[in-house]
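One structure is given here, and the rest of the page talks about it.
The values are calculated or read from the model by the stated rules, or taken from the named source; none is laboratory data. Keep in mind that this is a model prediction, so the values were computed, not measured. Glycine gets a Cβ as well: all are built from the backbone with ideal geometry, and neighbour counts include every protein chain shown. Only protein heavy atoms, including side chains, enter the accessible area calculation; ligands, DNA and RNA are left aside. Shrake-Rupley method; radii C 1.70, N 1.55, O 1.52, S 1.80 Å.
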Amino acid sequence: MTNHPKDLAPMPRGDLLPETRLYIDGAWTDTAEHFGVVNPANGKTFASVCDATSDDARRALDAAHAAQADWGRVAPRKRANLMHRAHALMLEREEAFVHVMTLESGKPLTESRAEFLLSTDFLLWFAEQTAHLDGSYSHSSNGGFRVLVTHQPVGPCLLITPWNFPLLMIVRKGGAALAAGCTTITKTAQETPLTGALFMQVLHDAGFPPGVANLLHTTKSSGVSEPLMQDKRLRKVSFTGSTRVGSLLMEQGARNIINASMELGGDGPFIVLDDADIDLAVDQAIICKFRNAGQACVAANRIIVDARVEAEFTGKFLAKVKALTVGDGMGAVDVGPMISARQRDRLVDTVAQLTDAGGELLTGGKAIDGEGFFFEPTVVRYVGRNDVMCSNELFAPIATIFAVDGAEAALDFANDSDFGLASYVFTRDLSRAITFGERLEFGMVGINRGIMADPKAPFGGTKTSGIGREAGQDGIYEFTEMKYMAVTVNEEVA
Ligand code: NAD
């Protein structure tokens, strides 16, 4: 089942070792080149995986294209049955998934487990959605013919995913695409290929036909994705990652008018109004900021607090930040490492930038010496708003707090951003909550809560945070084309 090289440390725990090869046309495939997977908690390479080239990418598209017509005609109930089988297999392999996710992404086991369980919920949701792709039947406006509307699979899809949620992003895209009747090529993030391999093994064992789901790992992202984006057989790209790469992919897709869904960066404002439940806001801010060591697109990036309650909020928040334990996610810790040495090292400059702009460093601010890529949980406080943090995604365990003068000032500061992904508001006043919900220029607003992801909810952003929504009632339609049939009806029955 695996070709895990003998000279590397064995991947500990779990009852299933992940495959390290590519998955193309229903088979695990070796390559000439390989690259190492690093455990960010100790900096050591613990696995070596196949490094795809543009030729491998083309073979994956050949397979996805060849399988598309048949897969698109598989009855919804049959597609659902395969997905239900995959869901059951995932649950059997929970420990393998959870341990591999922590090994390669660094997130604590509790967070890996939460991501795993949420991912299984998403798969179930998409399995159920196969039966709910609705069309319509109506009379044309002049009454002369009938209007039939249905939804067909858009075609072979390229799914490009990031390392920070190595399973959820693959399941959220892949589940929707497969449910809609599309074939897929998933390109994992170089840092976290093995989680994707476990998921692909699940699809294989569940009996998905060859070519329907393909998997590529590579150190040459653009070398693999660009030839696919230029190939007319590819009909859709669904990307989660930085705004820079999302924009590049949209440029590449422009030539063949490739359908695109983009889940990009964010600089989530987390607003605490003067009537908020402060203890609730503090607890939610800790989760929203420090989950995944702050490496989340929906993280609280700017904590904007009414000056009348800021001292109380900051005092309680700071006490909790100082109590956070940092370490290898395999142990019982609150905060794991950054994904790489490069990501950790850039934070020294980030902290200098924040304090140079007038921020007061309340705690943390330094990389942690020793093995692994750890950074101290950090809090920087400002009096009033500060433009250094507008459109500046930290992606780090660094919290910035701004004491602002009233609700209007909080709203203006929050909306002063090129991003528009997640935002949060804490208030006990229902009218204020609704008004903020309506006026915040973000795709998602958490009202008195700092965690929002759910299969039922449309996930996505406005402005440079992206295009399209994942999951929710409508997410599956991102992987379909609307088809209209005009039907002449002879109303004579004789
Ligand atoms: P990234 O854009 O560098 O990488 C994301 C993916 O794109 C990886 O698979 C990577 O290998 C690939 N990639 C990189 N360069 C590419 C290229 N030239 N052509 C094709 N593919 C390429 O992002 P990152 O730094 O790994 O992740 C962090 C960013 O992702 C943050 O901005 C974060 O906000 C965003 N993100 C957004 C969401 C969301 O749902 N909106 C979720 C998670 C992360």
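Compared with the direct C-alpha span, the chain from ASN42 to ASP454 gains 145.1 nm at full extension, assuming 0.36 nm per residue. Would you please state which residues of the range 448-475 a label at SER247 would reach in this model, taking the label point 7 Å out along Cα→Cβ and a backbone N cut-off of under 16 Å? Taking a point 7 Å out along Cα→Cβ of SER247, the residues of the range 448-475 whose backbone N falls under 16 Å are 462-467.
Could you tell me how many degrees, from 0 to 90 and to the nearest 10, lie between the Cα long axis of helix 109-129 and the main elongation axis, the longest principal axis, of the Cα atoms of the chain? Approximately 30 degrees, to the nearest 10.
The angle between the Cα long axis of helix 168-180 and the main principal axis of the chain comes to about 20°, on a 0 to 90 degree scale.
Rounding to the nearest 20 debye, state how big the charge dipole of the chain is about its Cα centre with +1 on each Lys and Arg Cβ and -1 on each Asp and Glu Cβ.
Roughly 940 debye for the chain.
Using the Cβ-Cβ distance between ARG255 and VAL149 with R0 = 35 Å, the FRET efficiency computed as 1/(1 + (r/R0)^6) comes to roughly 0.75. The residue among ALA299, PHE436, MET169 whose Cα reaches farthest toward the positive pole of the charge dipole of the chain, with charges on the beta-carbon of Lys, Arg, Asp and Glu, is MET169. Once both labels are positioned 7 Å from their Cα atoms along Cα-to-Cβ, the gap between ALA311 and SER136 label points is 5.8 nm.
According to the square roots a ≥ b ≥ c of the eigenvalues of the Cα gyration tensor, what is the shape class of the chain, taking rounded for a/c under 1.5, prolate for a/b larger than b/c otherwise, and oblate for the remainder?
oblate
The residue among PHE116, GLN473, SER54 whose Cα reaches farthest toward the positive pole of the charge dipole of the chain, with charges on the beta-carbon of Lys, Arg, Asp and Glu, is SER54. Mean residue ellipticity at 222 nm, helices only, the chain: -12000 deg cm²/dmol; runs of at least 4 DSSP H residues each add -39,500 (n - 2.57), and the sum is divided by the number of residues.
Counting only alpha carbon atoms, the long axis of helix 193-206 and the longest principal axis of the chain meet at about 40°. If R0 is taken as 25 Å, the Cβ-Cβ distance between LYS232 and MET482 corresponds to a FRET efficiency of 0.75. Return the percentage of antiparallel bridges among DSSP beta bridges fully within the range 287-414, rounded to the nearest 5 %. Beta bridges within the range 287-414, antiparallel portion: roughly 25 percent. Accessible area ranking (1.4 Å probe, heavy atoms, ligands and nucleic acids excluded), largest first, for HIS132, HIS87, HIS204: HIS132, HIS204, HIS87. With each label modelled as a point 7 angstrom along the Cα→C-beta vector, the ASP412-ASP349 pair spans 3.2 nm. Residues of the range 311-349 falling in the label zone of THR110, defined by backbone nitrogen less than 19 Å from a point 7 Å along Cα to beta-carbon, are 317-338. In this label model, ALA75 and ASP283 are separated by 4.8 nm, measuring between points 7 Å along each Cα→Cβ vector. Between ALA66 and LEU89, the contour length at 0.36 nm per residue exceeds the alpha carbon distance by 5.6 nm. Taking the protein heavy atoms of the chain in the context of the full set of protein chains, the accessible area attributed to carbon and sulfur is 52 percent at 1.4 Å. Centre-to-centre, using Cα atoms only, the range 320-385 and the range 149-191 are separated by 33 Å. Ordered from highest to lowest accessible area with the whole protein assembly present and a 1.4 Å probe, ASP356, ASP56 read as ASP356, ASP56. About its Cα centre, the dipole of the range 107-188 is roughly 200 debye, where the only charges are +1 on Lys and Arg Cβ and -1 on Asp and Glu Cβ.
What shape does the range 26-128 have by the C-alpha gyration tensor, where a ≥ b ≥ c are the square roots of the eigenvalues, rounded means a/c under 1.5, and otherwise prolate means a/b greater than b/c and oblate the rest?
oblate
Under a model in which nothing but the beta-carbon of Lys, Arg (+1) and Asp, Glu (-1) is charged, the range 22-264 shows a dipole of about 740 debye around its Cα centre.
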